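> The structure follows.
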Amino acid sequence: MIELIFATNNLHKLEEVQAIVGDRVIIKSLNDIDCHNDIPETGKTFRENAQQKTDYLVNKYNLNCFADDSGLEIDALNGEPGVYSARYSGSRDMERNIDLVIERMMNNENRTARFKTVISLHIDDNQFFFEGIIEGTIINHRRGSKGFGYDPIFIPDGYDKSFAEMSAEEKNLISHRSIAVSKMAEYLKNI
Ligand code: ITT
């Protein structure tokens, strides 16, 4: 058995990850260790942010842990919203964030984009990173009502549905997060 703290209070994410890594890994949340602080995420890359979160937990609690950071990178917007995905419009209101993307993409023919996740894993004083990427295109109006975040305006390559038109199971089979988590699960299987 391996016990890992996941630097999130998002129980939905925790369940998603637990399902992928299986029973041999017990995942606990920040709540489980009574950590209620807002862990800083001030890095310029997903990797820096993910590591910042695990460094925080290692320094404060000295526990084996992992953290993820994700976002949407749009080529025509020079990689924006990127690490600012959660607050692109200056607020956490996803309606406003999506409106801003649609507005900035209005006259752009280049629609290519990707969702990216980087996981930082700190285990027994070793540091690892796992990355998951899914390529796709940005559409200029919302489609679908499932999922979260920028799902309604992202169509993964090879599909004609937006992420928000897919069931959770369908999205989780191909998503950036599940790719990164599966890589971490593969590593954990062998230790
Ligand atoms: P934490 O508390 O765990 O950090 P978060 O909401 O900041 O939660 P992420 O760092 O994973 O979550 O993602 C940052 C933003 O990127 C998120 O708020 C969404 O707007 C967007 N995003 C990430 N993954 C997404 C996905 O699968 N579908 C749509 N949008 C996503």
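The values are calculated or read from the model by the stated rules, or taken from the named source; none is laboratory data. Given the structure is predicted, the values throughout are model-derived calculations rather than measurements. Don't worry about glycine lacking a Cβ; one is built from the backbone with ideal geometry, like all the others, and counts go over all protein chains shown.
> Of the residues Lys44, Lys53, Lys13, which single one is assigned to a helix (DSSP H, G or I), among the charged types (D, E, K, R) and out of contact with any Lys or Arg (no Cβ under 9 Å at 6 or more places or on another chain)?
Working: Lys44 fails: assigned to a helix (DSSP H, G or I); Lys13 fails: out of contact with any Lys or Arg (no Cβ under 9 Å at 6 or more places or on another chain).
The unique qualifying residue is Lys53.
> With respect to Thr117, is the statement that it is crowded, with 17+ Cβ neighbours inside 10 Å, within 24 Å of Ser167 (Cβ to Cβ) and among the polar types (S, T, N, Q) true?
Yes: the conditions hold for Thr117.
> Considering each of Ile20, Ile39 in turn, give the residue that is hydrophobic (A, V, I, L, M, F, W, C), part of a loop (DSSP other than H, G, I, E, B) and surrounded by 13 or more Cβ atoms within 10 Å (Cβ to Cβ). Break it down stepwise before answering.
Values: Ile20 fails: part of a loop (DSSP other than H, G, I, E, B).
After ruling out the rest, the residue left standing is Ile39.
Condition check ((1) in a helix (DSSP H, G or I); (2) within 11 Å of the ligand (Cβ to nearest atom)) across all residues:
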position	(1), (2)
Gly90	no, no
Gly149	no, yes
Pro152	yes, yes
Glu170	yes, no
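> Is it the case, given these coordinates, that Lys13 is within 15 Å of the ligand (Cβ to nearest atom) and under 14 Å from Arg177 (Cα atoms)? Step through it out loud before you land on a result.
Details: within 15 Å of the ligand (Cβ to nearest atom): yes; under 14 Å from Arg177 (Cα atoms): yes.
Answer is yes for this residue.
> Follow-up. Given the options Asn126, Asn97, name the one that is under 27 Å from Tyr56 (Cβ atoms) and buried (at least 20 other Cβ atoms within 10 Å of the Cβ). I'd like the intermediate steps shown before the answer.
Values: Asn126 fails: buried (at least 20 other Cβ atoms within 10 Å of the Cβ).
Of the residues listed, the single one that is under 27 Å from Tyr56 (Cβ atoms) and buried (at least 20 other Cβ atoms within 10 Å of the Cβ) is Asn97.
> Can you give me the number of residues within the range 152-177 that are in contact with a helix residue (DSSP H, G or I) (Cβ under 6 Å, 6 or more places away or on another chain), farther than 17 Å from Thr112 by Cβ and at pLDDT 95 or above?
Within the range 152-177, residues that are in contact with a helix residue (DSSP H, G or I) (Cβ under 6 Å, 6 or more places away or on another chain), farther than 17 Å from Thr112 by Cβ and at pLDDT 95 or above number 2.
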